Amino acid sequence: MTGPGSADSAAIFREALKKHYPDIAPETADNVVKFYELVLVENSLQNLTRITEPEEFVALNVSDSMAILESGFLDYPVADLGSGFGVPGLLCAILSGVGPWVLVESEKGKAEFLNRCISSLGISTLVQVVHGRIENVISDIRPKTLVARALGPVDRIYGWVRNCSTWNNLVLLKGPKWAEEKTS
């Protein structure tokens, strides 16, 4: 049987992960696979992501998280703004084993899913979830680095975080419309 959460999709995902990232420690790979399985199951209950195929999940989600970890821009604590289903923040914590990461999510169902993932993966010392709107919680978190992926235009994100003075690094993963944002 194949489909969300099936053994076949997990096995295919594990092979794709091993192919693209052969140096990931086995226990880390196990947690990344478990995270993928949790996402697939939850995605059938609430809309988390359109990226569910194993190879695509590795190529887009794992690679973005690895790029952030390898960027040299992270200073902890890191706040993942609009964390959604946990990419990049939760996945970065799994891959690196380093924190603290604070996942900021305004949607209650997604925040509850993130908390279940953290508990299931046993990484509560690395990650916490803050349910609320970024502009209302950012000053309480006191992050040194802010990370956001697929959250919105730069000027909107800056409007939410400009009144918090603790962050020095803003890492935004932007899509092809970045050039249009840059010139407006």
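The values are calculated or read from the model by the stated rules, or taken from the named source; none is laboratory data. Keep in mind that what you see is a predicted model, and the values were worked out from it rather than measured. Don't worry about glycine lacking a Cβ; one is built from the backbone with ideal geometry, like all the others, and counts go over all protein chains shown. Please note that ligands, DNA and RNA were not included when accessible areas were found on the heavy atoms of the full protein model with its side chains. Shrake-Rupley method; radii C 1.70, N 1.55, O 1.52, S 1.80 Å.
So which of 31, 47 ends up being at pLDDT 95 or above and either within 16 Å of the chain's Cα centre (by Cα) or not in a helix (DSSP H, G or I) (or both)? Explain how you work it out, then say what you get.
Values: 47 fails: at pLDDT 95 or above.
Only one candidate passes the filter, namely 31.
(1) open to solvent by 60 Å² or more (accessible area, probe 1.4 Å); (2) under 15 Å from residue 79 (Cβ atoms); (3) of a type in the set (Ser, Thr, Tyr); (4) within 17 Å of the chain's Cα centre (by Cα): which one isn't true of residue 145, the others all being true?
Result: residue 145 fails condition (1) only.
Just one of 67, 150, 59, 93 is surrounded by fewer than 17 Cβ atoms within 10 Å (Cβ to Cβ), among the aliphatic types (A, V, I, L, M), out of contact with any His (no Cβ under 9 Å at 6 or more places or on another chain) and on the phi < 0 side of the Ramachandran plot; which is it? Working first, answer last.
Working: 150 fails: on the phi < 0 side of the Ramachandran plot; 59 fails: out of contact with any His (no Cβ under 9 Å at 6 or more places or on another chain); 93 fails: surrounded by fewer than 17 Cβ atoms within 10 Å (Cβ to Cβ).
Being surrounded by fewer than 17 Cβ atoms within 10 Å (Cβ to Cβ), among the aliphatic types (A, V, I, L, M), out of contact with any His (no Cβ under 9 Å at 6 or more places or on another chain) and on the phi < 0 side of the Ramachandran plot holds for just one of 67, 150, 59, 93, which is 67.
Taking segment 67-99, which residues are of a type in the set (D, E, K, R) and part of a loop (DSSP other than H, G, I, E, B)? Steps first, answer last, please.
Going residue by residue through segment 67-99, those that are of a type in the set (D, E, K, R) are 70, 75, 80.
75 - this is the single residue of segment 67-99 that is of a type in the set (D, E, K, R) and part of a loop (DSSP other than H, G, I, E, B).
Scan segment 56-104 residue by residue and report those that are of a type in the set (Ser, Thr, Tyr) and within 9 Å of the chain's Cα centre (by Cα). Before the answer, list the steps.
So the first thing to find is which residues in segment 56-104 are of a type in the set (Ser, Thr, Tyr), and the list is 63, 65, 71, 76, 83, 96.
Listed by number, the residues that qualify are 65, 83.
For (1) open to solvent by 60 Å² or more (accessible area, probe 1.4 Å); (2) modelled with pLDDT of 95 or more; (3) out of contact with any Gly (no Cβ under 8 Å at 6 or more places or on another chain), each residue gets a yes or a no:
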| residue | (1), (2), (3) |
| --- | --- |
| 105 | no, yes, no |
| 110 | no, yes, no |
| 122 | yes, yes, yes |
| 139 | yes, no, yes |
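Look through 48, 17 and report the one residue that is touching a Lys or Arg at 6+ places or on another chain (Cβ under 8 Å), open to solvent by less than 40 Å² (accessible area, probe 1.4 Å) and either touching a residue at least 60 places away in the same chain (Cβ under 8 Å) or under 27 Å from residue 172 (Cβ atoms) (or both).
On the way: 17 fails: touching a Lys or Arg at 6+ places or on another chain (Cβ under 8 Å).
Of the residues listed, the single one that is touching a Lys or Arg at 6+ places or on another chain (Cβ under 8 Å), open to solvent by less than 40 Å² (accessible area, probe 1.4 Å) and either touching a residue at least 60 places away in the same chain (Cβ under 8 Å) or under 27 Å from residue 172 (Cβ atoms) (or both) is 48.
Tell me, which residue of segment 141-184 that is more than 12 Å from residue 104 (Cβ to Cβ) and among the small types (Gly, Ala, Ser) is modelled with the lowest pLDDT?
So the first thing to find is which residues in segment 141-184 are more than 12 Å from residue 104 (Cβ to Cβ), and the list is 142, 144-145, 149-150, 152-156, 158-159, 162-163, 165-184.
With the extra rule that they be among the small types (Gly, Ala, Ser), the set shrinks to 150, 152, 159, 165, 175, 179, 184.
Working: 150: 84, 152: 86, 159: 90, 165: 85, 175: 72, 179: 65, 184: 53.
Among those residues, the one meeting the criterion is 184.
Considering only segment 105-113, I want to know if a residue exists there that is free of Cβ contacts under 8 Å to residues at least 40 places away in the same chain and within 14 Å of the chain's Cα centre (by Cα). Talk me through it step by step, then tell me what you get.
Initial filter on segment 105-113 (free of Cβ contacts under 8 Å to residues at least 40 places away in the same chain): 105-108, 111-112.
Those still in the list that are within 14 Å of the chain's Cα centre (by Cα) too: 105, 111.
Scanning segment 105-113, I find at least one residue that is free of Cβ contacts under 8 Å to residues at least 40 places away in the same chain and within 14 Å of the chain's Cα centre (by Cα), so the answer is yes.
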